[in-house]
């Protein structure tokens, strides 16, 4: 099978429905003791264990004809009677239009045009290296940013490298947010005990630094896990998470040179470090099976669909947990 970089190799989707999934990372927060002295109450975060949602924006697409999105579930040889049956199942079922039910042999290379428009949700702009759900380091531009990071790295080293910093972010209102991952586990998920131990050790170093004047007084600290649907760092994390379904947002270039954006929930078929590219297939998860019809498995067209993307075209890759 010939592979064309940045293009769908095989398959076409008449429609693709985007969803937003919320997942909750473990979170511990703490504040400096001095903050609790005023008015008999503390206005900052207490030491608690709670859930904090991570909102990941999905692209919304408008159908304009052919698409390089993952295929729906139309199998070769399906009869028009199936459409009539679906239309009469009940008021809660959506009507199926005849032109949306296509046989496999109705698709050819001319169908693979990038013509979808995308509208991004503006609730949160998630990106790799944002210092939050996207991982990496993000400074607020304060005089104590680097000192706070150095202390966090010292704490990480005290656990013999088992608890690594996944994300680090400072805020101008004296808040430090750290996400840690546990390297001895397969997917890097720390336990509540791990997060608590890191929080206590880091809080102690911050208190010492505050007393020495190296950072401002009354720093608040939040320590959490990367989250269930953590962002995948490409190419570093591909081997580690290759068996997991992944939500992928990517760009492609049409024959006319127009850059288009697409997304989907895929499985990693292979990746090449020399060519710096990945080959993806459709993941066998609920959102994709729904394209094949209620209670049906992935169609042959879905199972054979392939997409090849250069590393640089991958705008966002994260774990998809809803199987």
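The values are calculated or read from the model by the stated rules, or taken from the named source; none is laboratory data. Keep in mind that what you see is a predicted model, and the values were worked out from it rather than measured. Glycine gets a Cβ as well: all are built from the backbone with ideal geometry, and neighbour counts include every protein chain shown.
So the values come out like this:
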| read-out | value |
| --- | --- |
| Residues located in the range 257-272, provided they are part of a strand (DSSP E or B) and over 17 Å from the mean Cα position of the chain (by Cα) | 259, 260, 269, 270, 271, 272 |
| Strands (runs of 3 or more DSSP E) enclosed by the range 123-203 - at least 2 residues per element that are in contact with a helix residue (DSSP H, G or I) (Cβ under 7 Å, 6 or more places away or on another chain) and farther than 26 Å from residue 243 by Cβ | 163-171, 175-182 |
| Among the candidates 265, 248, residue that is in contact with a helix residue (DSSP H, G or I) (Cβ under 9 Å, 6 or more places away or on another chain), surrounded by 15 or more Cβ atoms within 10 Å (Cβ to Cβ) and at pLDDT 90 or above | 265 |
| Residues being in contact with a strand residue (DSSP E or B) (Cβ under 7 Å, 6 or more places away or on another chain) and part of a loop (DSSP other than H, G, I, E, B) - total across the range 278-287 | 2 |
| Filtered residue count, the range 201-218, keeping only those that are in contact with a strand residue (DSSP E or B) (Cβ under 8 Å, 6 or more places away or on another chain) and modelled with pLDDT of 95 or more | 3 |
| Selection status of residue 275, closer than 28 Å to residue 180 by Cβ, assigned to a loop (DSSP other than H, G, I, E, B) and out of contact with any helix residue (DSSP H, G or I) (no Cβ under 7 Å at 6 or more places or on another chain) | no |
| Selection from the range 151-189 of residues that are in contact (Cβ under 8 Å) with a residue 12 or more places away in the chain, surrounded by fewer than 16 Cβ atoms within 10 Å (Cβ to Cβ) and on the phi > 0 side of the Ramachandran plot | 161 |
| Flag for residue 284 being over 16 Å from the mean Cα position of the chain (by Cα), free of Cβ contacts under 8 Å to residues at least 12 places away in the same chain, over 23 Å from residue 126 (Cα atoms) and surrounded by fewer than 21 Cβ atoms within 10 Å (Cβ to Cβ) | no |
| Among residues of the range 210-234, those that are under 17 Å from residue 165 (Cβ atoms) and assigned to a helix (DSSP H, G or I), counted | 0 |
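Residue-by-condition table, conditions (1) under 30 Å from residue 175 (Cα atoms); (2) assigned to a loop (DSSP other than H, G, I, E, B):
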{"site": "236", "(1), (2)": "yes, yes"}
{"site": "239", "(1), (2)": "no, yes"}
{"site": "251", "(1), (2)": "no, no"}
{"site": "255", "(1), (2)": "no, yes"}
{"site": "289", "(1), (2)": "no, no"}
